[in-house]
Each structure stands twice: as C-alpha cells, then as structure tokens.
Amino acid sequence: MGDLGDVVYKPRNGHGLVLFPLPLQGHINSMLQLANILYSQGFSITVIHTEFNSPSLSKFPHFTFRSIPDGLSGEGHSSISDMGILTLLSALNVNCVEPFRMCLAETLQSNSDASKDRIACLISDSVWHFSQRIADELNIRRMELRTTSISSFSGFSALLSLHKRGYFPLQDMKLEEPPMELWPLRLKDLPILETENPEELYRLLESMVKELKGCSGLISNSFEELEPAKLNESGGMEVPVPVFSIGPFHKYFPASSSSLLKQDKSSLLWLDKQAPNSVLYVSFGSLASIDAAQFEEIASGLLESEQPFLWVVRPGLVHGLDLLPGRFMGAVSGRGLIVQWAPQQEVLAHPSVGGFWSHCGWNSTLESICEGVPMICMPCFGDQRVNARFISHIWRIGLQLEGKAQRGDIRNAIRRLMMSEEGEEIRGRMRNLKAKVDYCVKPEGSSYDALQSLTTHLLSF
Ligand code: UDX
C-alpha cells in the first residue's frame, strides 16, 4: 500500500476494475500506481499480469492477482536488451492473446456472483494492442493507460504520417529540416525504435491508433499545466475519446513498491555526506543499453567534470562489459558512487542532489519535475527523444546532449548545469514547475479534478 500521507480513501463503491500492465518496469510502475489511486477511490482491483516480470504480489495484498502464461519462460528482466524491445513487444502481443482472453472471461464470470463487485471496466496499457478486440468480444468497456507523455502521442502519430508520405529511411541531410507540422520536433526527435524490421514498428503503431478509437477513454500520467490540451491539438494529434490527465501518479503512490530490481539504499547514506545541490544523479532507466565505447566517454566525462556523482549501472546497461574497468573504479573512489539500482524517487528528493542526467523516460522525467531537479537529457530510443526535446526547448528545464556525446561535451554540459548562471536559470524554471505540480494534485488542482471526473466516468459504466 502506498505510504504517502495525504491520500484519502473513499468507501468501497461496489465496482471492480481489471488492470492489465505491460511487463516492463516503467509500465508496471505506472499501472500499479494507477491501481492504488483507483483503489483509494473505492474500486476493487484485479490485476492480470504475465509470468514474465511478474510484480511483487506481497506488496499489494489489497489486490487480486491473476497470472497468465506469456511464452517467454526463462527470460529475465535484464535480457530484454538482447532480444530487442520491439521483438519482445510483438511476441507478447501474439503469445498473450488467448491466455488473456481466457483469464478475463473467467474473471468476469467469477465476479458476476451477486456477492462480488461487478467488473465495470478493463484498463489496459496502450501497447497491448489486442485488448480492445477482446473487451468488445466479452462485452466489457475498456479504457487505455498511456504511460508516456501526451506530447509523445503527437510524435508517434507524426511518425506514422511521415512514413506514409515516404520520408523514411531518414537521410542524415534532412535531419535539421523538419516538415512544418512537426514543430517543435526535429526529424531526429521522432520516437523511433532501432529495429531491423521497421514495418513491425509501424504495424504496432497502426494497431495502437486503431485500438484507441474503440476505447472508452484515455488515462494519462501527465498534468494540464505541463501538457495543456491545446498543445496537442497544435501537434495535429486527434484523440477521439475523453482524456483524463490525472498525473503525476507517483505524487499519490511511490514507484518503489513495484520495483523489479532491489533498490540499493546505501546510496542515501552516501548522499547524506555530500554538500547540498552538489551531486549529479545519473541513470538511463530500466531498458536502455550503451556500448563499451560510450561507457568510456560517459565515465571520463563524469571524472573530468570534477562534480560528485551517483551513477546507476544496471545489469545489462553496458553491452559487452561484465565488470567495470578497475582503473575507473579506483578513480571514482571518494567522489562518485556506482550502484546497480537506486531508490530513485528518494534519491531525487535528497537535498544533496542538484542535477539528473537521464535517458528521459517519462517516469524519470516526472519524478525529476516533482522534486525540482534540473536535467541533462540523453535520450536512447522511442518516446525519450520527444521528452528530451520538450525538456530542453519547450519547458527549458534541462540541457540536451546530442548524438553520441564525447567526454568533452559531457564535462561541459555537467559544468553548465551544475555550476553556471545558465544552470541557475534552468533550476529556477524547474522550481516553478515543481510548485505547479504540487498544486495540481491538491483539491481544485487540475489533476485532482480530472481524477474526480475519471471516477464519475468509471462509475457510469
Ligand atoms: C520506458 C519509456 O522510455 C518510458 O517513457 C515509458 O513510460 C516506460 O518505458 P524506462 O527505461 O523504464 O522507460 O524509464 P522510466 O519511464 O523513466 O522508468 C524507470 C522507473 O524505474 C522509474 O519509475 C524510476 O524511479 C525507476 N528506477 C530507475 C529505480 O527505481 N531505480 C533506478 O535506479 C532507476
């Protein structure tokens, strides 16, 4: 159960919801936070999950969990990068269709008993692009959870439309010349996933767009002050269903309870010994991987910056490197700390942390905004590129490192963020945004109001 003090629990309302998270860390965190939020609104919760990356059930004794086979047995979380994300998503969207259909049908059947809460709605991750079809077959309403930013929706729809107009494969010479309607994105900010089979990506996106049209509403982990509806209209995105921006979810319930890896709390003790605002926190999320040459540049850039740092080097982050080079570990001693997985929300809230060098996953971006920590952006793939562009050029709460950054670029970016007047201005804008986010989840705030509307919407099914 969440441990944030100001969540008010409403009485049970007799309606049940079935939630179906995508089994990746960033998606599991968002869906289980949403589950807790809706539980606090009086709904009973059933979570259908794959065996692969199964959530830690004991942390959620108030939910009913149902596991389905996924055909990926034996695959662990850190092996995803070897398999390729797109291949993984495609396999899941084939393997899980029948198990999910059977499990949902059984859940609806067992809850039809008058003594149980009637299931009012299925809420599934937008990447499960067969779930609307099954909801229709079983005659149950479905809402969609998008775990990415609203701005990235426009990025994905632009990607599809440019693909249809023959813009791809991208030519390097075109990269700085975006079609007008793409603003503020450049072609290189489009949410592309590296793949040998690009058609697979377009098929996935097409299916997601089709599914969205059939659902009963979209739940977004964002907030109106950050991503107002008009911004998305100008991005040419059409959302044909009601949108409920009730985020950031982790303002209600933390991500730590759904962490798939053990969080190393020693990082907090180390932070206690550092000066206020002095430490750069470095993490590239749960999926991204870098090669050994890039690792070397990052490590050298960190050392040359002469700034204290806390770096998350997750198993699987560096391709072809099982152990960190001894000479780097020696040089780090005293000025930096490396951990495999950190309690990220607590780290960002720590007064010693003055900057976050991030891959710009949406959860990380929101967590940084909520703690008022300015960012250095190094997007790796997909929606992270769109987020980085908005962070650096629209919200102006971070600096962007372009392409494969070299040690000198890295050193300069760190110094600019942590030590310059420009860095102070960025920090000031981040603080203003933090004040807005603090307000939006309070009574009369935009996300608070959107949550009340979402609850009324779900109760009407
Ligand atoms: C990807 C996408 O890029 C993202 O936009 C999408 O919403 C989910 O999938 P991912 O690499 O998982 O992202 O990053 P992110 O969305 O930032 O989520 C990472 C989560 O792991 C965060 O909630 C963060 O707090 C947590 N984390 C990260 C830890 O608990 N410890 C760490 O050391 C690093």
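The values are calculated or read from the model by the stated rules, or taken from the named source; none is laboratory data. Here the structure is a predicted model, which means the values were calculated and not measured. A quick note on method: Cβ atoms are made from the backbone with ideal geometry, for glycine too, and the neighbour counts reach across all protein chains shown. Accessible surface is based on the protein model in full, side chains and every heavy atom, while ligands, DNA and RNA are left aside. Shrake-Rupley method; radii C 1.70, N 1.55, O 1.52, S 1.80 Å.
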Glu196 paired with Glu306, simple spin-label distance in nm, labels 7 Å along Cα-to-beta-carbon: 4.7 nm
Mean-position separation - Cα centroids, the range 186-221 and the range 266-285, in angstrom: 35 Å
Between helix 150-164 and the chain: long-axis angle, C-alpha atoms, 0 to 90°, nearest 10: 90 degrees
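Provide the gained length on full extension for the span Arg431 to Ser56, in nm with one decimal, where the gain is 0.36 nm per separating residue minus the Cα-Cα distance.
Values: separation 375, 0.36 × 375 = 135.00 nm, distance 3.41 nm.
Net length gain for the segment: 131.6 nm.
Which order do the peptides 383-390, 240-247, 434-441 come out in when sorted by mean C-beta neighbours inside 10 angstrom, highest first? Write out the running numbers ahead of the final one.
Details: 383-390: 25.9, 240-247: 20.2, 434-441: 17.0.
The most tightly packed comes first, giving 383-390, 240-247, 434-441.
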Backbone N under 11 Å from the Asp264 label point (7 Å along Cα→Cβ), restricted to the range 284-324: 310-315, 324
FRET efficiency, Tyr439 to Lys210 (Cβ-Cβ, R0 41 Å, nearest 0.05): 0.65
Principal-axis tilt of helix 292-305 within the chain, Cα atoms, nearest 10 degrees: 60 degrees
Surrounding net charge for Arg431, when Lys and Arg each add one and Asp and Glu each subtract one, Cβ distance under 12 Å: 0
Accessible area (Å², 1.4 Å probe, nearest 10) - Ile119: 20 Å²
Centroid-to-centroid separation of the range 419-461 and the range 331-408 [C-alpha atoms, Å]: 19 Å
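Express in nm, to one decimal, how much length is gained between Val94 and Tyr448 on full extension, taking 0.36 nm for each residue of separation and deducting their alpha carbon distance.
Full extension from Val94 to Tyr448 adds 123.7 nm.
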Rounded if a/c under 1.5, otherwise prolate or oblate - the range 330-410, Cα gyration tensor axes: oblate
Cβ-derived FRET efficiency at R0 45 Å, Met419 paired with Ser161, nearest 0.05: 0.60
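Could you tell me the relative contact order of the chain? Use alpha-carbon pairs under 8 Å, at least six residues apart, and round to a whole percent. Intermediate values should be presented prior to the final figure.
Details: 808 pairs, mean separation 75.2, N = 461.
RCO, the chain: 16 percent.
Stretched out fully, how many nm does the piece from Gln340 to Gln294 gain, at 0.36 nm a residue minus the Cα gap? List each step's numbers first, then the result.
Values: separation 46, 0.36 × 46 = 16.56 nm, distance 1.80 nm.
Result: 14.8 nm gained on full extension.
For the chain, give the magnitude of the charge dipole about the Cα centre (Cβ charges: +1 Lys/Arg, -1 Asp/Glu; no others), in debye to the nearest 20.
In total the dipole reaches around 660 debye.
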The chain - percent of accessible surface contributed by carbon and sulfur, probe 1.4 Å: 53 percent
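Probe of 1.4 angstrom, ligands and nucleic acids ignored: what's the accessible area per residue over the range 266-438, in square angstrom? Provide the component values of the computation, followed by the final result.
Numbers: 6450 Å² over 173 residues.
Ligands and nucleic acids excluded, the result is 37 Å² per residue.
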Cβ-Cβ FRET estimate between His393 and Ser110, R0 fixed at 41 Å, reported to 0.05: 0.20
Cα→Cβ-extended label distance, 7 Å offset, between Asp272 and Glu225, nm: 3.2 nm
